[in-house]
Each structure stands twice: as structure tokens, then as C-alpha cells.
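Following: one structure in C-alpha cells, then a few remarks.
Just so it is clear, none of the values below were taken in a lab; they were calculated from the coordinates. If you're wondering where the values come from, they're calculated on a predicted model, not measured in any experiment. FYI the Cβ positions are ideal-geometry reconstructions off the backbone, even for glycines, and counts take in every protein chain you see.
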Amino acid sequence: MHIYNTLTKKKEKFQTIEPNKVKMYVCGPTVYDFFHIGNARSFVMADTIRKALEYKGYEVKFVMNLTDIDDKIINKANKEKISAKDVAEKYSKAFFEDIEKLKVKKATVHPKATEHIQEIIDFISDLIEKGYAYNVDGNVFFDISKFKDYGKLSGKKIDELEAGARIEINENKKNPLDFALWKKAKPGEPYWSSPWGEGRPGWHIECSAMSCKHLGETIDIHAGGSDLIFPHHENEIAQSEARTGKKFVNYWIHFGFLNIDNEKMSKSLGNFFTTREILAKYRAQELRYLYLQTHYSAPLNFTMEGLNACKKGLEKIETLAAYVIEQIDKNLEGEIPEFNFNYYYQQFEIAIDDDFNFPKAIAVIFEFVREINKLISSENKLDSTFYKSVYEFLHKTAEKVLSILNFDELKRKVERSLEDDLIDILIKIRQEAKINKNYQLADKIRDELAKIGIILQDTKDGVIYKKEIK
């Protein structure tokens, strides 16, 4: 397996710190609102990478944090006239609801910043002691001039950097680019006690402290959106390596930007969509398929036309999957055709091994579906064991890794279809009984169906039925 490493700007052979174990940290949401479809892309890509690693046999400890104290949360609290804690709890709950709908597997740990205040204070204290941080009237800053490798992830040079939009200008800083580790409390803001007075943690230190607590001083993979490379991930490296003297992350993975109809997503342009809005109209499988058609590191252009095309494209896989379910249930005996399942497993794994090339992995699945359909149409009667092998491949790849297929959902549809077919057969028998003046049998069919919630109604256009919820 080879992974493109943002730090070294090249593909590297993947070697874990511990054999067959992966320590993976992903920057999660700041819980001040419903997350948008750009955030969703990062969450889906990280989830699929995790599932691909598990497919390969790795035991993955997957940590995704929740930033539950931040300027955005405080601003939202003031706007909604509720506490910052209430804002964080409301949108944390919404986050978990929406990632479940997205078929994103819950993290091994979802740490919250407010539950790690002591770890953050200890971290900052160590940085001050080592000379990497300084306190100015209750505000603690990291001194980037003391960390000689600052800029190694983003490629930026200190002497060329200017204070960007996300870097607070503060006259108390030694350098405009020094970043906040601890912020002195302002009137009306949430705060915690610290050696430097009442205040709250800065954004960057939260991730370093939580990563260290749950995964250790050096981790295998750190992932997040490309917009986090600078300053967030750059600052994480600086403060983490300054404290421990060890390499913080071995492989940095970053997900490309998402545009809407070739424009940047923006509320002012009216092209801003939350994941919740999209999932009210489309299934998770369709949204995931759209994301996975493009390599994780490349920009993605999101369009409704593209999403509708994904809906149609998935029908090809789902049609075969539903047919396979029906054939397995019939437990047929027949021919077992020669088919090289191992070839498709190998091709799927080759795609994963090549820097998680999910578009190629999807292409392998579609080729598999085409070849299976050819076999089904050309053979008279195939054995159930063959269909079980087809099911196994689609389950392991399209469902468990990519999550663009949902066998439970398809099974429910197939079962509903079989139930409706059986009801139609009983209605036909009842009609024949009435023609033959066997009213006792006709009434018995009607009454027995009613007992299980199937209500028959004789109309001038024929018999109709409705299902009552018991």
C-alpha cells in the first residue's frame, strides 16, 4: 500500500508504527451549526479510508474530535440567546444523527475539547517551560520563531508569511503569526481556571492534546480538509513536536475542495447546502457515490445533475444485488459457472493500495456487475452457491468498504415485493371461490388477512387492499 503524504509531497509505502495497527486522527466538526456537504465529503472520505484499512486487515483506532468551544459557538450562542454549552450539545446531537444517515461509522473515540481542559493546560504548561510559549496578561501564545521547522507541511516560509484571515492580530504578540494557545476570558464568555487566569483553549491546541491523549505522541495518519493544512495542521505539528521532540504524524492525508456548479459554496450565492438538506432528497449511497467518483485529494464539482446520475448508476448494482437476494432465498440447485472471483478481489485491492483510488475501485465493481449479468443472461439455471459468492463480493466491497450499497434496505424491498405477490395470489383464489359460490372460503381469506392487518375492499374496479399498522 502506498499513500500520498502531504508532508513529503510524494507517495510513500505505508508502514505502521505497530504491526497491523493504525492510529488515525481526523479533524471533526466545530459544533455550531448543521455541517455542509463540503464537510460531509471529508467525513465520508476519512470513513472510507478507515474501512479500506480494515478491509486490508488493519485494526484501526479512529479518533474524530468535536470542537465544542470556539468563537463560532460563542457567536451562535449570543445570536440564539442560549448558552454556548446548549449550542454545542444541540449541534453535536445533529452531527451524530447526520453521520449515521451518511453511513459513516462512529469513531473509536469522539473526544470533546471541553472534556480535555486539564490535558490542554498541561500541554501549554510544558510548552511554556520549554520556552516555546509565552504568557501576556492571561493570553498564552506559541512563539513560531522558536520552532525551526515551522512551515514544513504547507511549504510556507516564516519571513514570507503575512497574517491571514484566520490569524488574530494582537499587539501583545511578539510576532503577528504567533498563535493563541490560551485565550483570556472576555465578559460573558465561558471560561475555565488555569495557571494564567480564567480563559479557554485556542483551536489548534485542542487537537494536539486530544490526539496525544487518545493515540500517543506519534500517530500513523492525520487527515482533514485541504483548508486545514495552514494554519491549523501546521500549528498542530509545531506545538506537538515542540513539546515531545518526536515526529507528530507519519502520513498526512488531505481532502480536496468542493465547489457547487464550479463556484465556491457560499450562503450569499445561494448555493450553500447542508448535508441534512441533501439527505432529505437523496439517499446516503447516492451522495457517497458522488464523492467517491473523484479521488479524495482532487477538487470535486458538486452538481444536482451529477447526483441524479449517481442515482441512476447505482441502480445497476442494486438491480443485480436484489436479484441475487431472491435467488439465494430460492436455494436453487444448478450449474456453477467458471468465474474468477479472486481476480476482482485482487483488482479492488490494487485500487485501494494505490493511494486509496476509490474511483478505480468503483470501476472494478461495475465491471464485475457487467460480467455477472452476462453470465446470468446466458445460463439456464445457476446454483445458489454461485449467487452467494456474488453476494459476498458485493457485500465486502460495495457495502462494507464504499458503503454505496445497502443489502438490508434491498432485502426489505424484496420482502415487501414477495408479500405483495402473495396477497395478490390470495385475492385471486378468493375471487375464484366467489365465482364458484364458495363464500365460506372467500370470507375466510378476507377474515384471516384482516387479522394480520391486510384489509380487502371490493370496489367497482376490482379488489383493492390496504395495510394497517398493528
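Across region 296-334, the residues whose backbone nitrogen lies under 15 Å from the label position 7 Å along the beta-carbon direction of Asp261 are 301-308. When Rg and the Kirkwood radius Rh are both evaluated on Cα atoms of region 148-302, their ratio Rg/Rh stands at 1.02. Treating r as the C-beta distance of Glu419 and Lys174 and R0 as 60 Å, the FRET efficiency rounds to 0.25. Diffusion of region 8-121 by Stokes-Einstein, at 10 °C in a medium of 1.306 mPa s and with Rh set to the Kirkwood radius over alpha-carbon pairs, works out to 101 µm²/s.
Within the chain, the longest run free of GluC sites (Glu not before Pro) that sit in a DSSP loop with at most 16 other Cβ atoms within 10 Å is 1-161. Look at the dipole of region 204-299 built from charges on Cβ: of Met210, Val249, Gln285, the Cα furthest out on the positive end belongs to Gln285.
The angle between the Cα long axis of helix 384-394 and the main principal axis of the chain comes to about 20°, on a 0 to 90 degree scale.
Please go through region 257-333 and write out the trypsin sites (Lys or Arg not before Pro) that DSSP classes as loop and that have at most 13 other C-beta atoms within 10 Å. Passing sites in region 257-333 are Lys267, Lys281. Seen against the Cα atoms of the chain and their longest principal axis, helix 341-353 is set at about 20 degrees.
A value for Cα extents along the principal axes in Å was derived from the coordinates, and within the list [x] 98, 54, 39; [y] 65, 59, 42; [z] 101, 98, 39 it appears as [x]. Note on Asp227 and Glu335: the extension gain reaches 33.4 nm, defined as 0.36 nm multiplied by sequence separation minus the Cα-Cα distance.
Sort out for me the Cα centre separation of region 422-470 from region 274-342, rounded to whole Å. Value for the Cα centre distance between the two parts: 38 Å. Counting only DSSP H runs of at least 4 residues, each contributing -39500 (n - 2.57), and dividing by the residue count of the chain, the helix-based mean residue ellipticity at 222 nm comes to -15000 deg cm²/dmol. Given +1 at the Cβ of Lys and Arg, -1 at the Cβ of Asp and Glu and no other charges, the dipole of the chain around its Cα centre is 480 debye to the nearest 20. Label region 217-359 by shape, choosing from rounded, prolate and oblate, from the square roots a ≥ b ≥ c of the eigenvalues of the Cα gyration tensor; if a/c is under 1.5 it is rounded, and otherwise prolate applies when a/b is larger than b/c, oblate when it is not. It is oblate, given that a/c is not under 1.5 and a/b is not larger than b/c. Judged by the ratio a/c of the largest to the smallest principal axis of the C-alpha gyration tensor, region 179-259 counts as oblate, that ratio being 1.5 or greater while a/b is no larger than b/c. Judged by the gyration tensor of its Cα atoms, with axes a ≥ b ≥ c, region 85-151 is prolate; a/c meets the 1.5 cut and a/b is the larger of a/b and b/c. Rounded to the nearest 10 degrees, the angle from helix 84-101 to the longest Cα principal axis of the chain is 40 degrees. The trypsin sites (Lys or Arg not before Pro) of region 1-56 that meet both conditions, a loop assignment by DSSP and at most 11 other Cβ atoms within 10 Å of the site Cβ, are Lys9.
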